[in-house]
Amino acid sequence: MTTTGQKDTHAFRQEVEECAAFLAARLRETPEILIQLGTGLGELAGALAEPQRFPYAELPHFPKTTAPSHCGQLWLGRLAGRNLAILQGRFHFYEGHSAQRVGFPIRVLSRLGARMALIANASGGLNPAFRPGDIMLANDHINLLPDNPLRGPNQDQWGPRFPDCSAPYDAGLRQGLMASAAALQLPGLRSGVYVCVPGPSLETPAETRYFRQIGGDAIGMSSVPEVLTALHAGMRVAMLSVIANVNDPDAFTPIRIEDIVAAAQAAEPRLRALIHHFIAAS
């Protein structure tokens, strides 16, 4: 298997620092909070005050995004008095990128000072109690990618060789998000385990049954490389998964990417309200 972007340690570090320096010279404010938006979930950037926009194509060493509905832009600005960096679109292992390269934007923003990461995605529901449009707050994950963004010699100045993952999703952030959902009276906030798979093929009925049996509540093709990169950098992390569909392995229906994007877009205003309230209250 060949993936692009798995650099030797020195070259990757140099690319991260060059991109961070490029942004640092142009930013009006240092970002405190990083928000990664995924499939169908890009509208939050429109709420920023005094925004700065950087297309990924203009950022040194940023990969090119090819996934549907991922426009590929970095936004920086203020929301509820906090300095935010919003990644509007992400990269995926299935696009041919290494896990290291998928985590590149997170690494760059950590070098600029971001200490909190909210990672959002659209995912498929495995838990039969879930419904399309629900938002799952991850309490753990299962990484089934055949790669890890921390593979290779460790950069000690970036983080520890063996980062602890006993509690990957920060309890305080989870509690704050649940409190915001309660204050907004948002229905359908769930908690569960996210399963990350390579893609791009969508799951079969037998695979769906297996993913349920190993403890998965939702499944997707993203986010875990970004989470691991953020944890290595010492960031507090929360993951929010918009449930786009729920399939029964014994009564399976075809899964279409167009339906996943449409379901994510329909739930996006609720996700946006939740994040906005959480940031204002934190």
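Readers should treat all values here as calculations from the given coordinates under stated rules, not as data from a laboratory. Just so it is clear, the structure is predicted and the values come from calculations on it, not from any experiment. Here the Cβ is made from the backbone with ideal geometry for all residues, glycine too, and neighbour counts use every protein chain on show.
Some notes on this structure:
- Positive contributions from Lys and Arg (+1) and negative ones from Asp and Glu (-1), summed over other residues with Cβ under 12 Å from the Cβ of ILE119, come out at 0.
- Order of SER191, SER180, SER98, SER201 under a 10 Å beta carbon neighbour criterion, fewest first: SER201, SER191, SER180, SER98
- Packing-based order for 225-234, 151-160, using average beta carbon neighbours within 10 Å, highest first: 225-234, 151-160
- Calculated mean residue ellipticity at 222 nm for the chain: -9500 deg cm²/dmol, from DSSP H runs with n ≥ 4 weighted as -39500 (n - 2.57), summed, divided by the residue count and rounded to 500.
- The chain: C-alpha gyration tensor shape, a/c 1.5 cut-off, then a/b vs b/c: oblate
- Taking a point 7 Å from the Cα of GLU18 along the Cα-to-Cβ direction, the residues of the stretch 108-133 with backbone N closer than 17 Å to it are 108-109.
- Counting charges near ASP217 (Lys, Arg +1; Asp, Glu -1) among other residues having Cβ under 13 Å from its Cβ returns a value of +1.
- Highest-first packing order for the peptide set 271-282, 117-128 is 117-128, 271-282, based on the mean count of other beta carbon atoms within 10 Å.
- Peptide ranges 210-216, 163-169 listed from the most packed, as the mean C-beta count within 10 angstrom indicates: 210-216, 163-169
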